[in-house]
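Below is one structure, written out as structure tokens; comments come after it.
The values are calculated or read from the model by the stated rules, or taken from the named source; none is laboratory data. Nothing here was measured: the structure is a model prediction, and the numbers come from that model. Here Cβ is always computed from backbone atoms with ideal geometry, including for glycine, and neighbour counts include all displayed protein chains. Quick note on the areas: whole protein, heavy atoms, side chains included, nothing else; ligands and nucleic acids left out. Shrake-Rupley method; radii C 1.70, N 1.55, O 1.52, S 1.80 Å.
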Amino acid sequence: VYIGTAKKGVTNEPILIHSYNDFVTAFDYSDTDWDKYTLYEAAYAHFKNSVHTSAPIVCISLGTDIDAVTEEAFTAALNAIDLTPIKCGVIPNIIVAPALSSTYADEMIAKCTSRIGGKWGCVAYIDIPTDSVTKVAEAKTYKTTNSITSKFARLHYPKAKHSGKVFHLSVLDA
């Protein structure tokens with residue numbers, strides 16, 4: 001399940017996406033607005049890459065303004081994951097939040113610890129922020145300093161670049 005922002009679409013509702021066209025219909029898409037609309041990175045990675053399509057994915061929008069995302073809004077999106085088995089017919093096992101996971105790591109881990117719908121386990125894919133952590137040694141320290149030691153968390157560092165696009169490793173791993 002991807003949690004992030006998009007130019008359009010309903011908020012706090014899991015949407016099952018099978019193709020690039022499904023994604024565009026639900027959320028719109030732009031190759032140039034990844035910093036503002038964080039779900040677009042996932043759409044590119046799964047549907048527009050030159051290697052292969054990887055589908056389906058589930059996306060939950062937090063709205064259109066990444067700067068307006070609050071802990072309350074993020075928690076509401078995490079709680080919406082519980083609807084995924086019923087609404088989408090799939091049981092998610094990974095939670096990814098490009099550009100937001102380092103801020104809301106504790107909330108993501110808590111969701112995985114409590115299990116989706118109280119039944120199914122998952123793993124939170126968390127990106128170490130590359131703006132403040134610039135070396136591998138610092139990344140190791142970040143893990144300890146931020147107490148990210150849960151078996152329900154998988155840390156990712158640094159970012160990757162392909163075809164002129166910069167990706168969070170959590171997105172490429174998912």
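Of the listed pairs Lys8/Lys87; Lys7/Lys151; Lys7/Lys135; Lys119/Lys151; Lys8/Lys140, which have alpha-carbon separations greater than 26 Å here? Checking Cα-Cα distances, Lys7/Lys151; Lys7/Lys135; Lys8/Lys140 exceed 26 Å. Taken over the C-alpha atoms, the chain has Rg and Dmax values of 15.1, 43 angstrom. The fraction of accessible area contributed by carbon and sulfur in the chain is 50 percent, rounded to a whole number (1.4 Å probe; ligands and nucleic acids excluded). The charge dipole of segment 53-174, taken about the Cα centre with unit charges on the Cβ atoms of Lys, Arg (+1) and Asp, Glu (-1), comes to about 580 debye, rounded to the nearest 20. Roughly what % of DSSP beta bridges within the chain run antiparallel, to the nearest 5? In the chain, approximately 40 percent of DSSP beta bridges are antiparallel ones.
For a modelled paramagnetic label at Asp131, 7 Å from Cα along Cα-to-Cβ, the residues of segment 58-82 in reach, with backbone nitrogen under 16 Å, are 65-70.
Anisotropy class assigned to segment 13-103 is oblate, per the alpha carbon gyration tensor with a/c at or over the 1.5 cut-off and a/b no larger than b/c.
Taking a sphere under 11 Å around the Cβ of Gly121 and counting the other residues whose Cβ falls inside, with K and R at +1 and D and E at -1, yields a net charge of +4.
Filter the trypsin sites (Lys or Arg not before Pro) in segment 93-174 to those in DSSP coil with at most 16 other Cβ atoms within 10 Å of their Cβ, and list the result. Of the trypsin sites (Lys or Arg not before Pro), the ones in loops of segment 93-174 whose Cβ has at most 16 other Cβ atoms within 10 Å are Arg115, Lys119, Lys135, Lys151.
Spatial offset of segment 1-68 relative to segment 110-174 amounts to 19 Å, using the alpha carbon center of each.
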